[in-house]
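The values are calculated or read from the model by the stated rules, or taken from the named source; none is laboratory data. Just so we're clear, the structure is a prediction, and the values are computed from it rather than from any experiment. Glycine also receives a Cβ, built like all others from the backbone with ideal geometry; neighbour counts cover every protein chain displayed.
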Amino acid sequence: MKVLEGSSPIPASSWGHTRPAERWVAPAAGPASVHSWILALLLVAGAMAAFAQDPPLSTDYVVSNWQTEQGLPENSATSLVHTPDGHLWFGTFRGLVRFDGHKFTVFDQSRIPALPDPGIVNLHLDRAGELWISTVSGLAHGHEGAWTVFGPQQGWTGTYIRHFADAADGSVFLITFKQEIFRFAGGRFTQLSAPPGRLDPTFIFADKGGQVRAVNRDFSSVWTSGGWQSVPLPKEIGQGALPWWGVAQDGLLWVLKHDTLYKLDGGRIVSKVHLNQPIVDLWSLTEDSTGWLWGCSSRLGLYRISADGQVNRYSTATGLPSNGVRFVYEDHRGNRWIGTDGGGLVRIREKRLKTISTESGLPDFPVKAAAPARDGRVFIATFGAGLYQFKDNHLTRLTVPDDTELYPQTLLVDHSDTLWLGAFDRGLYQWRSGRIRQVLKPADGYQNIESIFEDSQGRVWVSETHGRTARFSGETVTEYAAPAQRRGIPIRCVAQDRVTGAIWAAGDSGLFQFVDGQGFQPVRDAQGKPLPPLVTIFPLDGQGVWAAPSTGGLLLWKDGKAVPLDSGQMPAAIVGGMLEQGGHIWMATNRGVWRFRKADLLLAANGGTKPCEWQQFDRDDGLPSLECSFDHQPAIQSDGQGRIWVPTLKGVAILDPLRLRLRTDPIPARIEEVVYLTRDGAQHRIPVTGVEPVRIPPGSLDVHVLYTALDLSNQDKIRFAYALSQDGTEVASGERTEREIVFAKLPPGEYRFGLRVRNSDGYWNPNAVEIRLIREPFHWETGWFRALIALFSFTTVIGVVLFGARRQSVKQLRRLSKEKLRAETEARLLHSTRMESIGRLAGGVAHDFNNLLTIVNGYSEMLLLEVAGDEGKLAKVQSIRAAGQRAAELTQQLLAFSRSQAENLVPLELNAVVRDTAKLLQRLVGESVRLELQLEEGLGSINGDRTQLGQILLNLVVNARDAMPDGGAVVIRTNRELVAAGSSSTNPGLEPGPYAVLSVEDTGVGMDLETIRHAFEPFFTTKPPGKGTGMGLAIVYGVVKRAGGRIDVESSVGRGSRFVIHFPVVSTAAAEPEPEPEPEAAQPDCRYATILLVEDDPGVRSVASRILSSNGYRVLEAAGGAEALALLEGQAPAPDLMLSDIIMPGMSGYVLADRVALLRPELKVIFVSGYSGPATEGATAKQDETPTLRKPFTSAALLASVRQALASNETLSGD
């Protein structure tokens, strides 16, 4: 067995059993007598003469013809089958053709390379639904989607096939043109023995029981397991003319001999009919489902034979494209397909409506009107050929006065069978009881009649071109002139509502309603506007008035509103309409006759979205012309039997709603292929074969989806509804009649394309076919790439925004920093100024206190000597002395804060000072507080006073201890820090350079902001009374400032405090240890020396004078500089020592010393001061080195200073 690999295999699974078109082939030419040929020619000639008057094929059938211009490979059709999937397959001599009712697909050797030959002789569809193809060069078989060519390997040795027959057991019998009979079963052929008798020509078929029979005029045999079994034939079958055979619908056998038709059941005649004419020269004989028997002649055309023996012959003279006919095949839909030699493929379908046209004898003139009467007559007005009457299938021309000039254009038969006729330029005629008369004449203003209408009361309304209307009620005629503003504009239609009785009229001026006593009044909408020009109207039984505008479509006038319907569902131009009793509206249009459901139209007019169901009747249904007659009414009428009469430009159509059989069965849709275009203009086709998605490569442009509907009846009326969706969202949808949809520049992604189909009678298939479309993207079209681009773009935008914002923020921060720095600097300056002011105040107060304390302490010392033997007085004087000493200490603290205290600044090693002081501090803080040192080596040296540095540590640690009543930890740290140039914003108040940093941190109660703000002010304290003086941090602040450093505090309530002090480093080398003080040399006895005492305060001067005098010194007193100079100028001998206060009114001690040096350069000087404030700024370097006695002083301190000065060699002149 050889399997053909065809490019388009026929899916065997979609085929089912169908009855093949049987055909009979005339025997090959052989010896014959001259007499026989003459007899045959005479019979043919007689038959042709007998059928010369046969009616055209189109009288009863709608005829369609396809030839090479419509896609056939050639104009011969040899055989045909109809597969259950809806396709027709037929053979030609240039290939196998598949037809879906719209498009032909040719399967030749270009599509099926292994096909034995493109010349197809016969086709057969067996009981298993598999296709057999007999070609001029061999036999092929379609099975499970593949092709098989039979040869000797399968037992096939025959030629091309004449007949096929399916046995009940599934085997297939075949007989060749050489009369060879084969049986195919189990995948192999067996050649059967010949039946008895002559084999030329032999017909094989399967009877109603599935038994295969072989017959010719000499024998009849049935195949059994034992071989052929003879069945006797009636003698009259074998005698005389050559018989033609055909299979009946009930499985019996038709036998046609010349002018007699037999029906055989085995060897028994069950019927015999004599034909009204003889039939000769047949190719095949077939019975259809309606009982017609069709005889196909190779030379004489097509015969149609009725059950009672009536014969019609169709040939090229009666509408057949060729007189050579090979077969007639009836498909599943009842269409008859005719295969011809040279005339292509023909389809004939019974008309769904009757017609009166030129085929009925009507002259070839436009029909303007058709009016049925109650007695069965129909009057037909032709424009140019006069008036006709049609009755009992016969046409009669009626004689009218001045007939040659009469152009009837509107007709009506009223309830009394009176015919009303409106003629062009001739007025109105009335035909009653065989008598015709003119009732409205052009002279009366009724020249051109537009419409005639009879209302429910039997009154006849007639309108004319200029808008005038006449009403006939019996013999009474009432005329109604058009409104003044509407005169000269025609009224084209008059109609009545059957429920309300209202009379309506329509014309070029819109819609009118008849009002008694006023005539026709124009109808206006809510804005006062008239309706557009109208062609026709038909009221809806109290539910409104349907009106057809001249521009097309349909609108409903109801409740003062005009509601237009979707013009996409309406015919382009409606020329007439009527309401049928069955609930349908019939419309005569320029595209045939349409029928709508009244309920659907009302629903659509009220805003419904459901599409209207409608049927269209056109040329494919038998309509003489697609364009119905227009401009005059009535354009559509019904008779007493409910039939509808419609005049068209080429005849009259008669539709019977009661006998109308509409197709409600769904037809299948099929998506055939997807075509896409590439940028180089090339087309690429992808067949749609299954459920796999159709993938379209990147870079594709337009995507075309090609589809069809498998319907063989009327493809022009088929509509498709499509929907393209992505991720459940509809992308595109619509309805169309085209079989191709183009999606231009379809974006990448996965789509679903669904398709539904509507059959020719308006019924939709509820089931959609669907395919998946995947438009592959380039990498730059993918979601992730776009996400990256979006992310990049977003990031870029955000970056730009952030950069801009950062720049703005930096600017803002710089501005804020500058503002903050300025604010901090201003605050620091304000704080420094404030502290300076406080310091000056404190210094001034300390100076005055020192003077007072000098007096108090001096006299208390003197009193101690005087009351030494009096215990009571001694205790009191001691108390005064102790209070004075405490006051002196407080004054010293004030002077330290105000920088007024003398200090000894020398290079120091900070860590050494911390370690030395820590020994004292550990005992001071107690056991509940842990003292921890974290000291960094290599700090360098700082300038400072060792005592004052120790005082700083002492004050800070004591404060830390007091802040931790329940114990805690105090950490003392040192580290080195380099302040870079330009870092004033982070280190305000510090010059660039290295710093040794000392910090003291506790875990105490902390401070709030208000406390921090006042922490360094003198006498500010948060301790309870008696627990502190408020001078501790003030002293620390003063010492740090004098050392050139800065102190900061960091604290918050509940989190402890941290004090940070920056000391500028003056040397990276460690400070050298301070030299040990040398032991004092023995002081010489300087008593009896003269001392000049200069003091502006009398009390201080008095105390000092008494101390000195009591110790053997001679004292000269002066209250100021001027007085001292006067004493020096006149004194002899000169004083040995001048003891002078620095701050005095008029002349300071420094100025006095300078003048004394000029007078007495050898005079030694001691300065006395309780305040080294601004007056010290005028001191010379020598004066800075002059000994200074600090107030308040004791007697011992005063005497020691005097003795030391007198013993030295230092003088004001430096000698």
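Applying a threshold of 8 Å to beta carbon distances and a minimum spacing of six or more residues, or different chains, the list of pairs starting in the range 71-94 at a residue that is touching a residue at least 24 places away in the same chain (Cβ under 8 Å) and more than 17 Å from Glu130 (Cβ to Cβ) and ending at one that is surrounded by fewer than 19 Cβ atoms within 10 Å (Cβ to Cβ) and hydroxyl-bearing (Ser, Thr, Tyr) reads Asn75/Thr68.
For the condition assigned by TED's automatic domain parsing to the domain that holds Gly552 and farther than 22 Å from Ser550 by Cα, what is the one hit in Gln496, Gln521, Gln438? Full working, then the answer.
Numbers: Gln496 fails: farther than 22 Å from Ser550 by Cα; Gln521 fails: farther than 22 Å from Ser550 by Cα.
Only one candidate passes the filter, namely Gln438.
Just one of (1) at pLDDT 80 or above; (2) farther than 24 Å from Ser928 by Cβ fails for Asp1002. It is (2).
Would you point out the residue of the range 908-942, among those that are part of a strand (DSSP E or B) and in contact with a Gly (Cβ under 6 Å, 6 or more places away or on another chain), that is nearest to Gly1045 (Cα to Cα)? Working first, answer last.
First, pick out the residues of the range 908-942 that are part of a strand (DSSP E or B): 908-909, 929-935, 941-942.
From what's left, in contact with a Gly (Cβ under 6 Å, 6 or more places away or on another chain): 908, 929.
On the way: Leu908: 14, Val929: 28 Å.
Only one residue fits best here, namely Leu908.
Looking only at residues that are under 23 Å from Phe150 (Cβ atoms) and among the polar types (S, T, N, Q) in the range 172-221, which one is surrounded by the fewest Cβ atoms within 10 Å (Cβ to Cβ)? My answer is Ser193.
Of the residues Leu710, Leu773, which single one is at pLDDT 90 or above and farther than 18 Å from Gln616 by Cα? Exactly one of Leu710, Leu773 is at pLDDT 90 or above and farther than 18 Å from Gln616 by Cα, namely Leu773. The set of residues from the range 271-319 being among the basic types (Lys, Arg) and in a strand (DSSP E or B) comprises Lys272, Arg304, Arg313.
Out of Ala1104, Ala1134, Ala1175, Ala1179, which single residue is crowded, with 17+ Cβ neighbours inside 10 Å and at pLDDT below 85? Talk me through it step by step, then tell me what you get.
Values: Ala1104 fails: at pLDDT below 85; Ala1134 fails: crowded, with 17+ Cβ neighbours inside 10 Å; Ala1175 fails: crowded, with 17+ Cβ neighbours inside 10 Å.
The unique qualifying residue is Ala1179.
Selection over the range 579-595 of residues that are modelled with pLDDT under 90 and buried (at least 17 other Cβ atoms within 10 Å of the Cβ) gives a count of 1.
Check Thr358 against each of (1) at pLDDT 90 or above; (2) touching a Lys or Arg at 6+ places or on another chain (Cβ under 9 Å) and name the one condition it does not meet. Thr358 satisfies every listed condition except (1).
This table checks each residue for (1) modelled with pLDDT under 90; (2) buried (at least 22 other Cβ atoms within 10 Å of the Cβ); (3) more than 28 Å from Trp244 (Cα to Cα).
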residue	(1), (2), (3)
Phe93	no, no, no
Pro113	yes, no, yes
Val136	no, no, no
Thr148	yes, no, yes
Ile161	no, yes, no
Gly170	no, no, no
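Has the range 61-82 got any residue that is assigned by TED's automatic domain parsing to the domain that holds Asn335 and at pLDDT below 90? Write out each step before concluding.
Taking the range 61-82 and keeping what is assigned by TED's automatic domain parsing to the domain that holds Asn335, we get 61-82.
Subset that is at pLDDT below 90: none.
No, the conditions are met nowhere in the range 61-82.
When Gly699, Gly640, Gly690 are checked against the criterion of being in a loop (DSSP other than H, G, I, E, B) and closer than 24 Å to Asp417 by Cα, Gly640 stands alone in meeting it. Checking Ala653, Ala635, Ala732 one by one, the residue that is among the small types (Gly, Ala, Ser), surrounded by 13 or more Cβ atoms within 10 Å (Cβ to Cβ) and over 30 Å from Leu579 (Cα atoms) is Ala732 and no other. For the range 114-136, filtered to residues that are assigned to a loop (DSSP other than H, G, I, E, B) and more than 16 Å from Gln154 (Cβ to Cβ), the residue that is farthest from the chain's Cα centre (by Cα) is Val136.
Taken as a whole, the condition of being of a type in the set (A, V, I, L, M, F, W, C) and farther than 27 Å from Asp508 by Cβ does not apply to Trp420.
Just to check your reading of the model, which residue among Gly734, Gly642, Gly728, Gly681 is in the same structural domain as Pro366 (by TED's automatic domain parsing) and on the phi > 0 side of the Ramachandran plot?
On the way: Gly734 fails: in the same structural domain as Pro366 (by TED's automatic domain parsing); Gly728 fails: in the same structural domain as Pro366 (by TED's automatic domain parsing); Gly681 fails: in the same structural domain as Pro366 (by TED's automatic domain parsing).
One residue alone meets the criteria, Gly642.
Do you know which of the residues in the range 115-132 that are over 14 Å from Thr83 (Cα atoms) and hydrophobic (A, V, I, L, M, F, W, C) is surrounded by the fewest Cβ atoms within 10 Å (Cβ to Cβ)? If we take residues in the range 115-132 being over 14 Å from Thr83 (Cα atoms) and hydrophobic (A, V, I, L, M, F, W, C), then Val121 is surrounded by the fewest Cβ atoms within 10 Å (Cβ to Cβ). Looking at Tyr429, Tyr446, just one residue is buried (at least 17 other Cβ atoms within 10 Å of the Cβ), outside the structural domain of Pro55 (by TED's automatic domain parsing), not in a loop (DSSP other than H, G, I, E, B) and not charged (D, E, K, R), and that residue is Tyr429.
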